[in-house]
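Undergrad: Got a structure for you, questions after.
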Amino acid sequence: MKSSALLCGIHRWLLVPATLAGAFMAAGCGDENGGTAPNPDRTFNQVQRLGNPLVSEVFLAKRDHGHHGATAPTVDVAAFTPILRSFVDNVAGRDTTVGKTLAAVLLPDELLVQSDKSPATAGWLTWALANGWGGRKLDDDVVTAGLQAVFGPLLDPNNTSPGLADDHVDANDVAFSATFPYLAPGH
């Protein structure tokens, strides 16, 4: 009797790891999304957001970077228009129409990728200031374009600060790829 009870106990202890292993394997074999459709219950933690570097890095005080990076573009107009306009009016010393125009163009701070468009055209990566219709090419110097709008004559030829209107960065030193995502390989 003792030996059969001991064997039953051993069998039970051997079944526990086998059962756990089977459960882990079954859980690991499933589709992470629960099927082919997106899972609406899946959540993501936004770490940072930086559509147009000028919005955060130029117009917002360092203390506001975390708030900007953690929010969605849907709150940009309400949250950041006063800050952006204050910077253009008070720091850059520009006419209030320049600040109004920039706020309307730069907020919400987001970029949209349209992979069906050629990278040679302004439109596959949309951003409102470049080329006037909501797009930009990879080789567009968006920092200089932004600085021209804030400090230079791009939006208003009056009261400019020419020394602040160019980032003096040359063109890309590696050719862009002809296929999406079109970026040059890192080096």
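The values are calculated or read from the model by the stated rules, or taken from the named source; none is laboratory data. The model shown is predicted, which means the values in this text are computed figures rather than measured ones. Don't worry about glycine lacking a Cβ; one is built from the backbone with ideal geometry, like all the others, and counts go over all protein chains shown.
Undergrad: Could you list all residues from the stretch 150-164 that are surrounded by 13 or more Cβ atoms within 10 Å (Cβ to Cβ), in contact (Cβ under 8 Å) with a residue 24 or more places away in the chain and polar (S, T, N, Q)?
TA: Across the stretch 150-164, the qualifying residue is only 161.
Undergrad: Sticking with this structure for a sec: From the list 19, 74, exactly one residue is part of a helix (DSSP H, G or I), of a type in the set (Val, Ile, Thr), at pLDDT 85 or above and surrounded by 10 or more Cβ atoms within 10 Å (Cβ to Cβ). Which is it? Step through it out loud before you land on a result.
TA: Numbers: 19 fails: at pLDDT 85 or above.
Just one listed residue meets the conditions, 74.
Undergrad: Now, a different point. When the stretch 135-187 is examined, which residues are found to be of a type in the set (Ser, Thr, Tyr) and either in contact with a strand residue (DSSP E or B) (Cβ under 7 Å, 6 or more places away or on another chain) or under 25 Å from residue 98 (Cβ atoms) (or both)? Show your work before the answer.
TA: Step one: filter the stretch 135-187 for residues of a type in the set (Ser, Thr, Tyr), giving 144, 160-161, 177, 179, 182.
Within the stretch 135-187, 144, 160, 161 meet the criteria.
Undergrad: Can I ask one more? Quick check: is even one residue across the stretch 34-53 exposed (fewer than 10 other Cβ atoms within 10 Å of the Cβ), closer than 30 Å to residue 150 by Cβ and at pLDDT below 75?
TA: Filtering the stretch 34-53 down to residues exposed (fewer than 10 other Cβ atoms within 10 Å of the Cβ) leaves 35-38, 40-47.
Checking the rest, the ones that are also closer than 30 Å to residue 150 by Cβ come to 46-47.
Remaining after also requiring at pLDDT below 75: 46-47.
Scanning the stretch 34-53, I find at least one residue that is exposed (fewer than 10 other Cβ atoms within 10 Å of the Cβ), closer than 30 Å to residue 150 by Cβ and at pLDDT below 75, so the answer is yes.
Undergrad: Got at least one residue in the stretch 79-98 being of a type in the set (Gly, Ala, Ser), in a helix (DSSP H, G or I) and within 21 Å of residue 148 (Cβ to Cβ)?
TA: Step one: of the stretch 79-98, the residues of a type in the set (Gly, Ala, Ser) are 79, 86, 92-93.
With the extra rule that they be in a helix (DSSP H, G or I), the set shrinks to 79, 86.
Of the ones still in play, those that are also within 21 Å of residue 148 (Cβ to Cβ) are 86.
Yes.
Quick grid of which residues meet (1) under 19 Å from the mean Cα position of the chain (by Cα); (2) of a type in the set (A, V, I, L, M):
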residue	(1), (2)
49	yes, no
54	yes, yes
69	yes, no
75	yes, yes
92	no, yes
